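A.B. asks: So that we are looking at the same thing, I have put the structure below in structure tokens.
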Amino acid sequence: MTMVELGMVILVLGIVMALTMPRFGGVFERYETRRTVNVVRGTVRYLHAQAAFKKRIFYLVFDLERQSMAVCSKAQEQDSACIREYGRELREYVFPAGVHILDIVDPLGQKISEGEAVTRFFPVGIADPSIIHLGTDSGRKITLTIEPLSGRVKDWDGYLDPRSG
């Protein structure tokens, strides 16, 4: 092979890589987004069941500054201290760099976009209805809703605002 042929092969490989790399970036972002939705879904279902089983009020705390969620619990609503829960299912989850919390709509319909937002899970088998809006670096938006009676999380593509109908 001559240097010209070798240069041509490297040029063709460079062009092929330039065309395929953006597709791989989208694959990783979709994976991170799906994984994040599944973590939220699994945590909500686990807390819904644990609240009824342990007869405690569980709190799913979303920290919008740190882009994380954690769990704490109280025996009674009026207890002052929320005891941080640890364990494999309950450890703090920090959202991946490409996926972030845009805002959370609390049970009163207030949109929280900074500080902390809390969703409660009660021993009687209900949870606070909440809407979680996630965004990605590429501009994709996902809406997650927590159903109060079933403890299920539904997800939709796009930013669904309950106030807009």
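The values are calculated or read from the model by the stated rules, or taken from the named source; none is laboratory data. Owing to the predicted nature of the structure, the values given are computational and were not obtained by experimental measurement. Here Cβ is always computed from backbone atoms with ideal geometry, including for glycine, and neighbour counts include all displayed protein chains.
A.B. asks: Residues that are free of Cβ contacts under 8 Å to residues at least 40 places away in the same chain, at least 2 per element: which strands (runs of 3 or more DSSP E) completely within region 55-148 meet that?
C.D. replies: Once the strands (runs of 3 or more DSSP E) in region 55-148 are filtered for at least 2 residues that are free of Cβ contacts under 8 Å to residues at least 40 places away in the same chain, what remains is 68-74, 99-105, 130-136, 141-146.
A.B. asks: Residue by residue through region 70-102, note down the ones that are at pLDDT 85 or above and touching a helix residue (DSSP H, G or I) at 6+ places or on another chain (Cβ under 7 Å).
C.D. replies: VAL71, TYR93, PHE95, PRO96, GLY98, VAL99, listed by residue number.
A.B. asks: Something else now. So which residues in region 114-165 are loosely packed, with under 13 Cβ neighbours inside 10 Å and hydroxyl-bearing (Ser, Thr, Tyr)?
C.D. replies: Once the filter is applied, which keeps residues that are loosely packed, with under 13 Cβ neighbours inside 10 Å and hydroxyl-bearing (Ser, Thr, Tyr), region 114-165 yields SER138, SER164.
A.B. asks: Can I ask one more? From ILE10, ILE15, which residue is within 30 Å of THR136 (Cβ to Cβ), surrounded by fewer than 12 Cβ atoms within 10 Å (Cβ to Cβ) and β-branched (Val, Ile, Thr)?
C.D. replies: Only one candidate passes the filter, namely ILE15.
A.B. asks: Let me ask you something else. Collect the residues in region 40-84 that are among the small types (Gly, Ala, Ser), under 15 Å from PHE122 (Cβ atoms) and exposed (fewer than 15 other Cβ atoms within 10 Å of the Cβ), keeping them in residue-number order.
C.D. replies: Matches in region 40-84: ALA49, ALA75.
A.B. asks: Looking at SER150, is it in contact with a strand residue (DSSP E or B) (Cβ under 8 Å, 6 or more places away or on another chain) and on the phi < 0 side of the Ramachandran plot?
C.D. replies: no
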